[in-house]
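Step one of this worksheet: look at the structure below.
The values are calculated or read from the model by the stated rules, or taken from the named source; none is laboratory data. Because the structure is a prediction, the values reported are computed rather than measured. Quick reminder, even Gly has a Cβ in these numbers, built from the backbone with ideal geometry, and neighbours come from all protein chains shown.
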Amino acid sequence: MTSIATCPAILIAAPASGQGKTTITSALARLHTRQGRRVRVFKCGPDFLDPYWHALASGVSVYQLDLWMTGEADCRDRLYSAAQEADLILVEGVMGLFDGEPSAADLAQHFGLNVLAVVDASSMAGTFGALAFGLQHYRLNMPWAGVLANRVASERHADMLQISLKEPESWMGAVMRNAAMTLPERHLGLTVASEVVDAIERLDAAADALATTPLGRMTLDDLQRWSVDFLAPVSLTQSGARYAEQNLSMASGFPLHGKTIAIARDAAFCFIYAANLDCLRELGAELVFFSPLIDSTLPSCDAVWIPGGYPELHAKTISNNVSLRDDLSAHIAAAKPVWAECGGMMALFESMLQVDGERVALWGFLPGEVTMHKRLAALGPQQLELHSGILRGHTFHYSTTTTAMEPIARTSRPAILPTLGEGEALWQHGSVRASYFHAWFPSCPLAVVELFTVPETGVIA
């Protein structure tokens, strides 16, 4: 017998980036959480930053959903599990509703998620109705919740927007322009919520604004119109559903049992998928955390993971932490593995050339220099083939590297996208492996084991 879990579920989308999706998603989560409801929030696509705001708003860890990177089985498993315990499921889309391959629209149609379109209406009137109509009807059979006008100038402006709709029942209200609910940004996206001292006040202001709209006034009974039946995955075991294709389940043992992995985690190194931590634990690893900005010693460990983040904003502090650098040097000299992703890799080079021309010395475990740029250097889904399998993930960075090292492998674009130039280099220097590639660990746990194990040959691909 097929097991089904039913829950109201909304995918918050927009015609483009920058329309206010994250603010509205977080506001809706905060509004219902304040009322004592259990809200689960997900983020469509590979994004580290928006989930920090969603987690603060809902009080629950946030996971990514992506039909390619995380896979259909993983998405189904997480949605089904959430529907069993939540009163409301929210999924924030990525870019515009139909942008990307796969897009937020693909996810919505695949799982029947009702689309709430958020439109920045600050510079439009009648065109608002045309946009709403196009978003709803561009594809046949798009599950539809309605449209919300964002950054509206006045009540008169809101009236003009509402009457422009061809389908009046789509009107979910207007949120007025309000600096108090603005979420601060920087070059890689939103500022991490934990770094914003008045983060919860901003979310409360946004929730208060949303509470005055038809959407915000909806009760749980009202939300039932957007209920979705989520089917149970083929396997009901947590790891079995996600790792079935790799014949790796809890029953097959714990390949990282007895291993302690030290993970850098602070304002400089904060690009960590919650699912990656879960995956390491499910593989049997014990996780400990340290801050390269504050801690003077490296925890006792068998392997180190330095994830991405903002080392360029903290380069001097990182460089000046000599005692931690010495501990990491001893770790590497003992041939213990280090996996460094993007910003984590950047900190391991000899120096960094900042946008303003200042050169800052770094830890020097990798020969060469990192150069920061004002424009994006790379963006998009990537996959990395190792001996144990293929890891899926993505790349997103504003810097480039200059080094005499030869890569031992390169990432590639998924088959669903055209190949444009070379993929990201995978460097290996002693026991250090590093790349701009951000890995989604659950996509291939056996490859994760490989990353955190020093190979006898010294080469992994």
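Restricted to region 335-360, and to residues there that are touching a residue at least 40 places away in the same chain (Cβ under 8 Å) and part of a loop (DSSP other than H, G, I, E, B), the residue that is surrounded by the fewest Cβ atoms within 10 Å (Cβ to Cβ) is 335. Checked against the criterion of being under 21 Å from residue 231 (Cβ atoms), modelled with pLDDT of 95 or more and either outside the structural domain of residue 392 (by TED's automatic domain parsing) or buried (at least 22 other Cβ atoms within 10 Å of the Cβ) (or both), the candidates 9, 16 yield just one match: 9.
Please specify each residue of region 166-182 satisfying the condition of being in contact with a Phe, Trp or Tyr (Cβ under 8 Å, 6 or more places away or on another chain) and buried (at least 20 other Cβ atoms within 10 Å of the Cβ). The answer is 170, and nothing else. Taking the conditions (1) assigned to a helix (DSSP H, G or I); (2) free of Cβ contacts under 8 Å to residues at least 60 places away in the same chain; (3) not charged (D, E, K, R) in turn, residue 276 satisfies each one other than (2). Might you let me know whether region 84-94 holds any residue that is assigned to a helix (DSSP H, G or I), touching a strand residue (DSSP E or B) at 6+ places or on another chain (Cβ under 9 Å), modelled with pLDDT of 95 or more and among the polar types (S, T, N, Q)? Yes; the residues of region 84-94 include at least one that is assigned to a helix (DSSP H, G or I), touching a strand residue (DSSP E or B) at 6+ places or on another chain (Cβ under 9 Å), modelled with pLDDT of 95 or more and among the polar types (S, T, N, Q).
Pairs linking a residue in region 200-219 that is free of Cβ contacts under 8 Å to residues at least 24 places away in the same chain to a residue that is part of a helix (DSSP H, G or I) and surrounded by 19 or more Cβ atoms within 10 Å (Cβ to Cβ), with Cβ atoms under 8 Å and 6 or more positions apart or on different chains, are 202/181. Suppose we keep only residues that are out of contact with any strand residue (DSSP E or B) (no Cβ under 8 Å at 6 or more places or on another chain) and in a helix (DSSP H, G or I) within region 116-146. Which one would you say is farthest from residue 226 (Cα to Cα)? Among them, the one singled out is 127. If only residues of region 69-106 that are hydroxyl-bearing (Ser, Thr, Tyr) and under 16 Å from residue 229 (Cβ atoms) are counted, the one that is surrounded by the fewest Cβ atoms within 10 Å (Cβ to Cβ) is 81. Scanning region 51-68 for residues that are in a strand (DSSP E or B) and surrounded by fewer than 19 Cβ atoms within 10 Å (Cβ to Cβ) yields nothing.
Among the residues of region 32-50, the one identified as surrounded by fewer than 24 Cβ atoms within 10 Å (Cβ to Cβ), outside any loop (DSSP other than H, G, I, E, B) and in contact (Cβ under 8 Å) with a residue 60 or more places away in the chain is 34. In region 251-259 there is at least one residue matching the filter, namely being assigned by TED's automatic domain parsing to the domain that holds residue 446, buried (at least 16 other Cβ atoms within 10 Å of the Cβ) and modelled with pLDDT of 95 or more. The numbered conditions (1) at positive phi; (2) in a loop (DSSP other than H, G, I, E, B) are all true for residue 71 except (2). Quick check on region 373-382. Is at least one of its residues in contact with a His (Cβ under 7 Å, 6 or more places away or on another chain) and more than 30 Å from residue 103 (Cβ to Cβ)? No, the conditions are met nowhere in region 373-382.
Hey, any hits in region 43-57 for a residue that's in contact with a His (Cβ under 9 Å, 6 or more places away or on another chain) and at pLDDT 95 or above? The answer is yes; a qualifying residue exists.
Just one of (1) surrounded by 20 or more Cβ atoms within 10 Å (Cβ to Cβ); (2) charged (D, E, K, R); (3) in contact with a Leu (Cβ under 6 Å, 6 or more places away or on another chain) fails for residue 312. It is (3).
Can you tell me which residues in region 150-176 are part of a helix (DSSP H, G or I) and among the polar types (S, T, N, Q)? Selection gives 162, 170.
Within region 279-304, being acidic (Asp, Glu) and free of Cβ contacts under 8 Å to residues at least 40 places away in the same chain holds for 286, 295. For region 113-150, residues that are closer than 25 Å to residue 78 by Cβ and more than 27 Å from the chain's Cα centre (by Cα) total 1.
Does residue 154 qualify as being over 23 Å from residue 45 (Cα atoms), surrounded by fewer than 24 Cβ atoms within 10 Å (Cβ to Cβ), among the small types (Gly, Ala, Ser) and modelled with pLDDT under 95? No; evaluated as a whole, the condition is false for this residue.
Answer yes or no as to whether residue 392 is in contact with a Phe, Trp or Tyr (Cβ under 9 Å, 6 or more places away or on another chain), surrounded by fewer than 20 Cβ atoms within 10 Å (Cβ to Cβ), farther than 24 Å from residue 328 by Cα and charged (D, E, K, R). Against the criterion (in contact with a Phe, Trp or Tyr (Cβ under 9 Å, 6 or more places away or on another chain), surrounded by fewer than 20 Cβ atoms within 10 Å (Cβ to Cβ), farther than 24 Å from residue 328 by Cα and charged (D, E, K, R)), residue 392 does not qualify. Pairs are defined by a Cβ separation below 7 Å, a sequence spacing of at least 6 or placement on different chains, a first member in region 123-137 that is free of Cβ contacts under 8 Å to residues at least 60 places away in the same chain, and a second member that is surrounded by fewer than 13 Cβ atoms within 10 Å (Cβ to Cβ); the pairs so defined are 129/166; 133/166.
The selection criterion, being among the polar types (S, T, N, Q), under 16 Å from residue 431 (Cβ atoms) and over 21 Å from the mean Cα position of the chain (by Cα), holds for residue 329.
Scanning region 279-291 for residues being assigned to a loop (DSSP other than H, G, I, E, B) and either touching a Leu at 6+ places or on another chain (Cβ under 6 Å) or more than 18 Å from residue 362 (Cα to Cα) (or both) gives a total of 3.
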